[in-house]
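**Q** Structure below; questions to follow.
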Amino acid sequence: MQALGDKVSLPSVNRPSGKRSSRLLPALQRCECAKSNRKARSSGIEKLARAPYRRRAVGEPSHAGYLGESMDNVRSMLCALLFALPFCGTAQADIIASWKSVQTPAPPELKTFAITDPAHTALLLLDFDTSTCNSKERPTCAASLPYVADLLKKSREANLMIVYSLTSTGTLAAVPPEIAAKGDEKVVQSGVDKFFNTELETALKFRGIQTVIVTGTMAHGAVLYTASEAALRGFKVVVPTDGMSSKDPFGELSAVWILANAPGSVSRNVTLTRSGMIKFPQ
């Protein structure tokens, strides 16, 4: 029996050679380093900032035992980080606080739109559903139905292409009866962007459609995203403001403001109007 205080000999570890050894040794080294890393972590920045270094001589390998000139870059990044941290929360708070002083923008100008080529024009009716388009859930949607119904009647008489969209859980049976679809009219079903994962673009291009009139609910959902995507895909887009709706007026105003002011081809290809300002061929 060994006496207390005698040196204890630990059995040696037979380390595998070759490729297995090259994989095992780094793992063992990481285990040994973990303890010291935890102790060093709390004072890591301080040690890094005070670390001695010299500049690497010409021809000296980059992995030499000194930090070399890379310490200059590290210190610069640390200084920038430490300087910026106190201001991060402030900047976020400032931009949010500034929203309180935002003035409600004036409604955009509405323009008359004349349909000169009915064969290449389509009317889109997006996500109208009796479960939401009613006086309790979405009063402005219920109020828009007479305008959409009149627009639908005139569009059918002028032989425009008619397209309906459904929400991911919607059905044709749930479309309000005053604007119900007919059996031969195109129906797509998806999220707010009705071009995404649907045959909408294919169907429109098959008919040679160049202009789409977009109605629907919600204004800041299906109408905004589908109208924007149509404009980005090269279609001319007409949005009657009395044919779209949201749960509250701000949703409608914000959608119209974005369509009127979005950069690039969106605002250039969008015409904002009213249903009564859309002129059909006589």
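**Q** For region 216-235, enumerate the residues that are within 13 Å of the chain's Cα centre (by Cα) and of a type in the set (Phe, Trp, Tyr).
**A** Residue satisfying the conditions is Tyr225 alone.
**Q** Considering every residue within region 105-112, establish whether at least one is modelled with pLDDT of 95 or more and among the polar types (S, T, N, Q).
**A** Yes - at least one qualifying residue is present in region 105-112.
**Q** Here is a follow-up. Could you give every pair whose Cβ atoms fall below 7 Å, whose first residue belongs to region 218-231 and is farther than 10 Å from Lys194 by Cα, and whose second residue is part of a helix (DSSP H, G or I) and among the charged types (D, E, K, R), counting only separations of at least 6 or pairs across chains?
**A** Ala219/Glu252
**Q** Working only within region 196-243, note down all residues that are on the phi > 0 side of the Ramachandran plot and surrounded by fewer than 24 Cβ atoms within 10 Å (Cβ to Cβ). Step through it out loud before you land on a result.
**A** Quick first cut of region 196-243, residues on the phi > 0 side of the Ramachandran plot only: 197, 208, 216, 234.
Residues satisfying the conditions are Asn197, Gly208, Gly234.
**Q** Something else about it: Can you name the condition, by its number, that Val270 falls short on among (1) touching a residue at least 40 places away in the same chain (Cβ under 8 Å); (2) under 15 Å from Tyr147 (Cβ atoms); (3) buried (at least 16 other Cβ atoms within 10 Å of the Cβ)?
**A** With (1) touching a residue at least 40 places away in the same chain (Cβ under 8 Å); (2) under 15 Å from Tyr147 (Cβ atoms); (3) buried (at least 16 other Cβ atoms within 10 Å of the Cβ) applied to Val270, the lone miss is (2).
**Q** For the structure I just gave you, tell me whether Ser155 is in contact (Cβ under 8 Å) with a residue 40 or more places away in the chain, out of contact with any helix residue (DSSP H, G or I) (no Cβ under 7 Å at 6 or more places or on another chain) and polar (S, T, N, Q). Working first, answer last.
**A** Values: in contact (Cβ under 8 Å) with a residue 40 or more places away in the chain: yes; out of contact with any helix residue (DSSP H, G or I) (no Cβ under 7 Å at 6 or more places or on another chain): yes; polar (S, T, N, Q): yes.
So Ser155 fits the description; yes.
**Q** Looking at the structure I just gave you, is Ala180 surrounded by fewer than 22 Cβ atoms within 10 Å (Cβ to Cβ), at pLDDT 95 or above and either aliphatic (A, V, I, L, M) or touching a Lys or Arg at 6+ places or on another chain (Cβ under 8 Å) (or both)? Can you show your working first?
**A** Values: surrounded by fewer than 22 Cβ atoms within 10 Å (Cβ to Cβ): yes; at pLDDT 95 or above: yes; either aliphatic (A, V, I, L, M) or touching a Lys or Arg at 6+ places or on another chain (Cβ under 8 Å) (or both): yes.
Here the answer is yes, as Ala180 does meet what is asked.
**Q** Could I ask something else about it? Please identify the pairs in which a residue from region 107-118 that is more than 29 Å from Pro249 (Cα to Cα) has its Cβ atom under 8 Å from the Cβ atom of a residue that is buried (at least 16 other Cβ atoms within 10 Å of the Cβ), counting only partners at least 6 apart or on another chain.
**A** Asp117/Thr211; Pro118/Leu160
**Q** Select from region 269-282 the residues that are outside any strand (DSSP E or B) and more than 19 Å from Met218 (Cβ to Cβ) and write down the one among them that is farthest from the chain's Cα centre (by Cα). Walk me through how you get there before you give the answer.
**A** As a first pass, look at region 269-282 and keep what is outside any strand (DSSP E or B): 269, 274-277, 280-282.
So of that shortlist, the ones also more than 19 Å from Met218 (Cβ to Cβ) come out as 269, 276-277, 280-282.
On the way: Asn269: 21, Gly276: 33, Met277: 33, Phe280: 36, Pro281: 39, Gln282: 42 Å.
Among them, the one singled out is Gln282.
**Q** How many residues are part of a loop (DSSP other than H, G, I, E, B) and within 19 Å of Leu204 (Cα to Cα) if we restrict to region 157-181? Steps first, please.
**A** Filtering region 157-181 for residues part of a loop (DSSP other than H, G, I, E, B) gives 158-160, 167-171, 175-176, 180-181.
This time we only want the ones that are within 19 Å of Leu204 (Cα to Cα), so: 158-160, 181.
Looking only at that region, the number is 4.
**Q** May I ask you to list pairs of residues, at least six apart or on different chains, whose Cβ atoms are under 6 Å apart, with the first in region 173-196 being in contact (Cβ under 8 Å) with a residue 40 or more places away in the chain and the second being surrounded by fewer than 16 Cβ atoms within 10 Å (Cβ to Cβ) and in a loop (DSSP other than H, G, I, E, B)?
**A** Correct list of pairs: Ala174/Thr130; Pro176/Thr130.
**Q** Within region 231-263, take every residue that is among the acidic types (Asp, Glu) and assigned to a helix (DSSP H, G or I) and give me the one that is farthest from Val214 (Cα to Cα).
**A** Checking each candidate, the answer is Glu252.
**Q** Take the conditions modelled with pLDDT of 95 or more and assigned to a helix (DSSP H, G or I) and apply them to Val266. Does it pass? Break it down stepwise before answering.
**A** Numbers: modelled with pLDDT of 95 or more: yes; assigned to a helix (DSSP H, G or I): yes.
Spelling it out, Val266 is indeed modelled with pLDDT of 95 or more and assigned to a helix (DSSP H, G or I).
**Q** Here is a follow-up. Would you confirm, using the coordinates I've provided, whether Val212 is in contact with a Leu (Cβ under 9 Å, 6 or more places away or on another chain) and assigned to a loop (DSSP other than H, G, I, E, B)? Quick ask: steps written out before the conclusion?
**A** Details: in contact with a Leu (Cβ under 9 Å, 6 or more places away or on another chain): yes; assigned to a loop (DSSP other than H, G, I, E, B): no.
Spelling it out, it is not the case that Val212 is in contact with a Leu (Cβ under 9 Å, 6 or more places away or on another chain) and assigned to a loop (DSSP other than H, G, I, E, B).
The values are calculated or read from the model by the stated rules, or taken from the named source; none is laboratory data. Please read these numbers as outputs of a predicted model, since none were measured by experiment. Positions of Cβ are generated from backbone atoms using ideal geometry, with glycine treated the same way; all protein chains shown enter the neighbour counts.
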